[in-house]
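Here is the structure we will look at.
The values are calculated or read from the model by the stated rules, or taken from the named source; none is laboratory data. Computed from a prediction, not measured in an experiment: that's the story for all the values here. Using ideal geometry, Cβ is built from the backbone for each residue, glycine included, and neighbour counts are taken over all protein chains shown. These area figures cover heavy atoms from the full protein model, side chains too; ligands, DNA and RNA do not enter into them. Shrake-Rupley method; radii C 1.70, N 1.55, O 1.52, S 1.80 Å.
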Amino acid sequence: YLKKRQACIRLQSAVRLYLMQKQLHLWTQAAIKIQSMFRMHRLRRQYLEIHFAAVIIQRGFRAYREGVYQRQNFLRVKEAVISLQAMYKGYSVRNMIKLQHKIATKIQAAFRGHASRVKYLAMQKAVIAIQRWYRSCKVGRQERLKYLKIRTAAIILQAAVRGLFAREKLKIQHKAAVTVQTAVRRFRAQRQFEMLKDAALTVQHHFKAKLMGRKERQIYLKMRQSAMTLQAAYKGMIARKEFSRK
């Protein structure tokens, strides 16, 4: 039986090796085919990109050359137009300057007469304004002295009243602050006590849970050891029975 079994295993391994080699050959041929197609596609794509770039460069160069030619023509025409414009503008400016000179002379004469009249009227108004200002300053100084005396008396009275109100308010605020501080300190003490109490209970629960976990683990290890011993005995018995049958 063992010889037949060994022969079958060798035959199966030989057949599996043959099938695997055949499958590997097919995969190799397929991979080579895919690689060749991919390389051909990549080369064609590179060629098309280079061709497209060359076409774009040619178009750009032709457009640049045509632009240079058109710009040279444009510059020639522009220089000619500028020369004609300069000549016409010079003639027009000379005529305009002559006319403006005549008009400016008349305007200056009229303006000087008008400026003299305006200056005289302004000086007259300034003198009147200065007189009014001096009179108003004199009256205002007297009224200001009266106002300052009344204001000083009112400030002294307001300071006395505000001092009285401030002292009363300070007493009330002091009493309120003492009451609030007492309440806050009592609340903080109660809160700290509750936190310490909760922390102590939490520690006790964790400690008890840890002790129970240790006990349960010891029981589990003992049961596991017993189960492993029973399993080993049962497996040994079955092995001895099979061996005795053979």
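Here's the yes/no breakdown for (1) among the basic types (Lys, Arg); (2) in contact (Cβ under 8 Å) with a residue 40 or more places away in the chain; (3) open to solvent by 100 Å² or more (accessible area, probe 1.4 Å); (4) in a helix (DSSP H, G or I):
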| site | (1), (2), (3), (4) |
| --- | --- |
| ALA176 | no, no, no, yes |
| ARG185 | yes, no, yes, yes |
| LYS197 | yes, no, yes, yes |
| ALA200 | no, no, no, yes |
| HIS206 | no, no, yes, yes |
| LYS210 | yes, no, yes, yes |
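Looking across region 212-225, the residues that are of a type outside the set (Val, Ile, Thr) and at pLDDT 80 or above come down to MET212, ARG214, LYS215, GLU216, ARG217, GLN218, TYR220, LEU221, LYS222, MET223, ARG224, GLN225.
Scan LYS171, LYS106, LYS78 and give me the residue that is charged (D, E, K, R), part of a helix (DSSP H, G or I) and more than 60 Å from the chain's Cα centre (by Cα).
None of the other options fit; the residue is LYS106.
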